[in-house]
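Remarks on the structure that follows.
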Amino acid sequence: LLRAFHLLAERVERVELLIGYEGNEFFPAGEAESEFLSVLAVHPMREDAAAAFLQRAGADPAVLDRLKREGLVREAVHGGRRFYLRRFKRGAAAE
């Protein structure tokens with residue numbers, strides 16, 4: 001992977017190598033629920049990062065449970081940690 005990264009970096013203006021935990025540096029800038037779903041659409045979020053994001057946004061922590069019940073968010077466990085991901089309906093375009 002590192003070799004591929006260096007080869008791409010020589011040819012492409014901006015390349016990132018994401019190999020470690022990125023932290024809880026997700027910050028809301030507008031409506032908490034829609035931004036939360038937007039982040040989850042492109043980036044799985046660890047349980048602690050999701051809680052911190054919702055807290056910073058001033059959202060009720062119960063919003064996550066509601067989004068899971070509505071089928072908009074799903075849970076996955078990886079490496080012993082719980083992550084949240086955006087769930088899309090089959091055939092539906094990303095929001």
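List of remarks:
- Amide H to amide H distances under 5 Å link V73 with K68, R87, where only residues 5 or more positions off or on other chains count and H is placed in the peptide plane.
- Evaluating 6.51 cos²θ - 1.76 cosθ + 1.60 at θ = phi - 60° for every residue in segment 56-63, the Karplus couplings come out as 4, 7, x, 8, 5, x, 5, 4 Hz, glycine and proline recorded as x.
- Backbone HN-Hα couplings from phi across segment 31-46 [Karplus 6.51/-1.76/1.60, Hz, Gly and Pro as x]: 6, 4, 5, 5, 5, 4, 5, 5, 5, 5, 5, 10, 8, x, 10, 5
Coordinate-derived values only; no laboratory data. Because the structure is predicted, anything quoted here is derived from the model rather than measured.
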